[in-house]
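The values are calculated or read from the model by the stated rules, or taken from the named source; none is laboratory data. Keep in mind that what you see is a predicted model, and the values were worked out from it rather than measured. Neighbour counts are summed over all protein chains in view; Cβ atoms, including those assigned to glycine, are modelled from backbone coordinates with ideal geometry.
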Amino acid sequence: MTAEAPLLRVAGLRTEFHTAEGVVRAVDDVSFDIAPGEILGIVGESGSGKSVTARSILGMVHEPGRVVAGQISYRGRDLRTLPPKAMRPIRGREIGLVFQDPQSALNPVMTVRDQISEALTVHGMGRAAARERALELLEQVGIPDARRRADDYPHQFSGGMRQRVVIAIALANNPSLLIADEPTTALDVTIQAQILRLLGRLRHELGVAVLMITHDMGVVAETCDRLVVMYGGRVLERGTVEDVFRAPKSPYTHDLLAAMPRLSSDSAGARRLPSIPGAPPDPAHLPPGCPFEPRCRLAVDACAEKMPSLTVFSVDHAAACHVTAGGASIPVLDSPPAPPRRRAEGDRRPILEVTDLRINVANGRRGLWGRQDPVYAVDGVSLQVHPGETLGLVGESGCGKSTLARAIVGINEPASGAITVRTGGAVQYVFQDPSASLNPRRTIRESIDEGLEAIGVPAAERYDESVRLLERVGLNARHLERLPYAFSGGQRQRVGIARALAAKPELLVLDEPVSALDVSIQAQIINLLESLRDELDLGYLFIAHDLSVVRHLSDRIAVMYLGGIVETGEVATVYGDPRHPYTAALLASSPHPDPAAKHRERIVLTGDLPSPKNPPSGCRFRTRCPIGPIVHSDRTICIEQRPALRPAPNGAHVACHFPGELRNGEA
Amino acid sequence: MSTPPTAKRRNQTLLRYARAFRSPRGIIGAGTLLALVVVALAAPLIGPGGYDQQTSQTLVGASGQHLFGTDELGRDILVRTVYGLRTDLSLILTAVPVSLVIGTLMGLSGAVSKALGALTQRLLDIILGFPGLVLGVIIVMIIGQGWWALFFALVFAGLPGFGRMARAGLLSEQDRDYVLAARVLGVSTGRRIRRHILPNIVDPLLVQTAIFMVVAIFIEAGLSIVGLGIEPPAPSLGAMLNVGARYATTHPSYVLGPGMVLLLLALSFTLLSDALNEAAIKR
């Protein structure tokens, strides 16, 4: 640990919520330090207490929550004992806050310059000086053409640019500490890479320390110096990123890291993902001992009785575990072997064939002067899915992947082109947010019945069939009559899958089916999807933004950018040898849960996805392309001609005039 | 194991609304309304001679014999008030539910096709464009003065409110993931509306119903005041206020009697709508 006195020291923090149902201990005995200029990550899943910890530091815990014990000492002053009035100059001036959602963190009716100056004037700066400083801040956070854009409103900025503005506001008063609560969770990977790089740069330039709250181990490995792993309101492990990732001493950290699908994994298909059973505990009903005990494969009797205290393993590495404290090492988490996939029997024709599809998403309302111009969110896409096969569809928000998926199941109307589903084949859809996709007023049984009824299963047989479906997805008959609120996120997603299976589909369209789930649950659902595909010979169109998840589950992959497929091919080929500069950049931008990869060369794309209302001429990627006309002014072909998908020597198909020039890791 | 517990849950929904009648507002509102209905039903007992029985005593003030006094033709104002209440209640308690059902169906018609939805919305806009009185005049012109004219005027006046509320509910609900999921499963439009959309818009519609009952009272009174109400000699609260206002300075009980009853009626519906609203929010 650094010799300097810590900037912030949290010791024995306990925050409780006194509700009608009893006392919820959201944060219990949490301690950590942050040195000046350091980036500390607090990692945890939903209900781990990470956000409540951040709020406790700022004295912003909502009613009925209260910090009941512990010290929060900032530069030697205990913030807990400060009266609210004395807290105000610290919040905002000494400690800046970056929120998760830049959309709601900015006031839509104020220009960004006014919002930044406001942060300065409330702490006593004059108006004119504040407006000048606002401009300087916008430049500092990398808003291009800041002088011209300062008087724009938030809606005129893209999501990534808005997050930069939020960071500018947090930095306005030269704080010594930034608290960033999931600052990149709402952003796309290429934008996330930009923001993470910005935070790193600001730390070096301004010496600001960052407390980063996140659920993403990849983000931690890329940006943090040290981390604190929280679970069920407790700190289970803390240490330097290198130590914790190399040799985790808490079984939770260990298994969580093991359960994450990797970009570079070669075992895809041969083995299932190692996974942690169960779900994170409800903070209102924590087990009496270690909160991870019910899910821990190493648990001993003591774990259920008493919360272990932190054992120090090295100067700056400690973990709370009865088992490893005794010197035991953590054995490798098993990855169950996958049964061989059956192929080549039955009808092998594609289940789904999409040919040259265009989808107009302009709402079709007639203006005063005639019909509005069409907006093609999907513009000339062709793809096929075979039985028993997964086609991964990757792209950032706004690329048209969900529009395409919804057209395939008949929610969106195509403007031209064809969607052909094999005769007799049914297509079903699994939604991203399992809590939104189940009617909260209807029991699981009623939701599943709806699917059975739709394909004409007689009422008398529906009960047995529902039980069969639930067992298939790892639930059972006891769950049938419950309402969705009684289930965890992972269980709800299982119900969503069971409902889709009720209609006996041959193809499942999976729209980000695990991205709304806790990290420790994702592997369970991915494994379930994999075994269902292999047992039922289902075809999957798997849509995701997380490239590692796609890699694990997919046989082939298609990369979409602004309405078109830019590269497609076998997974190993495309990941190992990306030929399109966008694919290469996407791969490079994905955070690796491995601190050793921290200093790899990275292609960080500049700018944002253009609007499909007004796509660039020629190649749609040319406005951000690191090998296109913004770098090589002689490459006018990119401006004039839209490249078609052409076969590359490695077997993939690429839509680029200069394929293969930019590879993974080269900038 | 195979009896569906839907019935149980339906009871829970009912219970939720039953809660509305446990709050002070709900109890007072429902109690007042119930009392008024009982009084209206008991009209023949209160005035066995009917509402048109004349005496020689015209325009006498409140007395033990005539609690609200008599009118210009010597008819007992209390008896006429009770019969008038009967008219008003019979109108409101039939026209408003009819308006609710038709308006909701019109609002939900957008689920069948976008064009149909747009068409019904324009129709509702046209109805909304006519002030209540003009609407009343047109209906009286077509079918003539009387109970049915008032009935149709109230039904039409309520449509835009119910229609728009149902449409707003439809638009916000139909793009929810679970409604889309039902659509992808191939569940028919009618079933989708019944199972997934209607239960979610029942709350605002019920509150709107109670609110519109208050409005309906005043529409009836307004039409009666300009002489388009119920045909004399049959009484309605509005018509009585209209005539009574002429004698307000000399015989205040003429307006005060029917006025108070009208106020009680409006108050009971207002309290009910408040209580329902509260129950709907609490859920």
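A few comments on the model shown:
Residues checked against (1) acidic (Asp, Glu); (2) within 14 Å of chain A (Cβ to nearest Cβ); (3) more than 15 Å from B:Ile201 (Cβ to Cβ):
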| site | (1), (2), (3) |
| --- | --- |
| B:Met106 | no, no, no |
| B:Ala115 | no, yes, yes |
| B:Met141 | no, no, yes |
| B:Ser172 | no, yes, no |
| B:Leu180 | no, yes, yes |
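- Inside the stretch A:589-639, residues that are under 30 Å from A:Glu242 (Cα atoms), free of Cβ contacts under 8 Å to residues at least 40 places away in the same chain and surrounded by 15 or more Cβ atoms within 10 Å (Cβ to Cβ) make up a count of 0.
- Residues that are within 19 Å of B:Val184 (Cβ to Cβ), basic (Lys, Arg) and surrounded by fewer than 21 Cβ atoms within 10 Å (Cβ to Cβ) are absent from the stretch A:425-441 altogether.
- Condition check for A:Tyr429 on (1) in contact (Cβ under 8 Å) with a residue 40 or more places away in the chain; (2) assigned to a loop (DSSP other than H, G, I, E, B); (3) in contact with a helix residue (DSSP H, G or I) (Cβ under 7 Å, 6 or more places away or on another chain): one failure, at (2).
- Among residues of the stretch A:432-446, those that are in a helix (DSSP H, G or I) and either at pLDDT below 90 or at the interface with chain B (Cβ under 8 Å from one of its Cβ atoms) (or both), counted: 2
One line per residue, one yes/no per condition, for (1) away from every other protein chain (no Cβ under 13 Å); (2) within 24 Å of the chain's Cα centre (by Cα):
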| residue | (1), (2) |
| --- | --- |
| A:Glu413 | no, no |
| A:Ser416 | yes, no |
| A:Gly424 | yes, no |
| A:Val430 | no, yes |
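- Residue check, B:Ala118 touching a Pro at 6+ places or on another chain (Cβ under 9 Å) and either crowded, with 21+ Cβ neighbours inside 10 Å or in a helix (DSSP H, G or I) (or both): no
- Being among the acidic types (Asp, Glu), closer than 25 Å to A:Thr190 by Cβ and more than 8 Å from chain B (Cβ to nearest Cβ) is a property that A:Glu461 lacks.
- Here A:Glu222 does not qualify as within 28 Å of A:Arg131 (Cβ to Cβ) and among the acidic types (Asp, Glu).
- None of B:Ala166, B:Ala157, B:Ala216 is over 20 Å from B:Ala266 (Cβ atoms) and either free of Cβ contacts under 8 Å to residues at least 12 places away in the same chain or away from every other protein chain (no Cβ under 14 Å) (or both) except B:Ala166.
- Scanning the stretch B:35-87 for residues that are on the phi > 0 side of the Ramachandran plot and surrounded by 14 or more Cβ atoms within 10 Å (Cβ to Cβ) yields B:Leu59, B:Gly69, B:Gly74.
- Breaking point among (1) in a loop (DSSP other than H, G, I, E, B); (2) modelled with pLDDT of 85 or more; (3) of a type in the set (Val, Ile, Thr), for A:Thr2: (2)
- Wholly within the stretch A:487-560, helices (runs of 4 or more DSSP H) carrying at least 3 residues that are surrounded by 21 or more Cβ atoms within 10 Å (Cβ to Cβ), polar (S, T, N, Q) and more than 14 Å from chain B (Cβ to nearest Cβ): A:519-536
- Looking only at the stretch B:192-210, and only at residues there that are under 15 Å from the mean Cα position of the chain (by Cα) and at pLDDT 85 or above, the one that is surrounded by the fewest Cβ atoms within 10 Å (Cβ to Cβ): B:Leu205
- For A:Ile57, the test of being farther than 29 Å from A:Leu187 by Cβ and touching a Leu at 6+ places or on another chain (Cβ under 8 Å) is failed.
- Members of the stretch A:636-655 found to be within 12 Å of A:Pro581 (Cβ to Cβ) and out of contact with any Leu (no Cβ under 9 Å at 6 or more places or on another chain), listed by number: A:Cys638, A:Pro643
- Flag for B:Ala18 being closer than 26 Å to B:Ala266 by Cβ, modelled with pLDDT under 85 and loosely packed, with under 15 Cβ neighbours inside 10 Å: yes
- A:Glu453 falls short on exactly one of the conditions (1) more than 9 Å from every other protein chain (Cβ to nearest Cβ); (2) surrounded by fewer than 21 Cβ atoms within 10 Å (Cβ to Cβ); (3) more than 28 Å from A:His552 (Cβ to Cβ), and that condition is (1).
- Among (1) out of contact with any Pro (no Cβ under 8 Å at 6 or more places or on another chain); (2) part of a helix (DSSP H, G or I) - the single one B:Gln145 does not satisfy: (2)
- All positions within the stretch A:636-662 that are among the β-branched types (Val, Ile, Thr) and farther than 17 Å from A:Ala558 by Cβ: A:Thr636, A:Ile637, A:Ile639
Conditions tested, residue by residue: (1) farther than 20 Å from A:Glu222 by Cβ; (2) modelled with pLDDT of 90 or more.
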{"residue": "A:Tyr575", "(1), (2)": "no, yes"}
{"residue": "A:Pro581", "(1), (2)": "yes, yes"}
{"residue": "A:His599", "(1), (2)": "no, no"}
{"residue": "A:Pro615", "(1), (2)": "yes, no"}
{"residue": "A:Val631", "(1), (2)": "yes, no"}
{"residue": "A:Arg646", "(1), (2)": "yes, yes"}
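- Condition check for B:Thr13: over 20 Å from B:Gly238 (Cα atoms), within 14 Å of chain A (Cβ to nearest Cβ), more than 25 Å from the chain's Cα centre (by Cα) and modelled with pLDDT under 75: no
- Selection of first residues in the stretch A:640-664 that are in a strand (DSSP E or B) and of second residues that are β-branched (Val, Ile, Thr) and buried (at least 19 other Cβ atoms within 10 Å of the Cβ), restricted to Cβ pairs under 7 Å at least 6 apart or on distinct chains, gives the following pairs, ordered by first then second residue: A:Arg646/A:Val654; A:His653/A:Thr568.
- Output for the stretch A:56-79, where each listed residue is free of Cβ contacts under 8 Å to residues at least 40 places away in the same chain and surrounded by 19 or more Cβ atoms within 10 Å (Cβ to Cβ): A:Leu79
- Any hit, the stretch A:464-471, residues being surrounded by fewer than 21 Cβ atoms within 10 Å (Cβ to Cβ) and either at the interface with another protein chain (Cβ under 9 Å from one of its Cβ atoms) or touching a residue at least 40 places away in the same chain (Cβ under 8 Å) (or both): no
- Taking the criterion of being more than 26 Å from A:Asp145 (Cβ to Cβ), in a loop (DSSP other than H, G, I, E, B) and over 16 Å from the mean Cα position of the chain (by Cα), the residues of the stretch A:585-612 that qualify are A:Asp594, A:Arg600, A:Glu601.
- Flag if B:Ser253 is within 25 Å of the chain's Cα centre (by Cα) and away from every other protein chain (no Cβ under 14 Å): no
- Tally of residues being at positive phi and either free of Cβ contacts under 8 Å to residues at least 24 places away in the same chain or assigned to a strand (DSSP E or B) (or both) across the stretch A:80-104: 0
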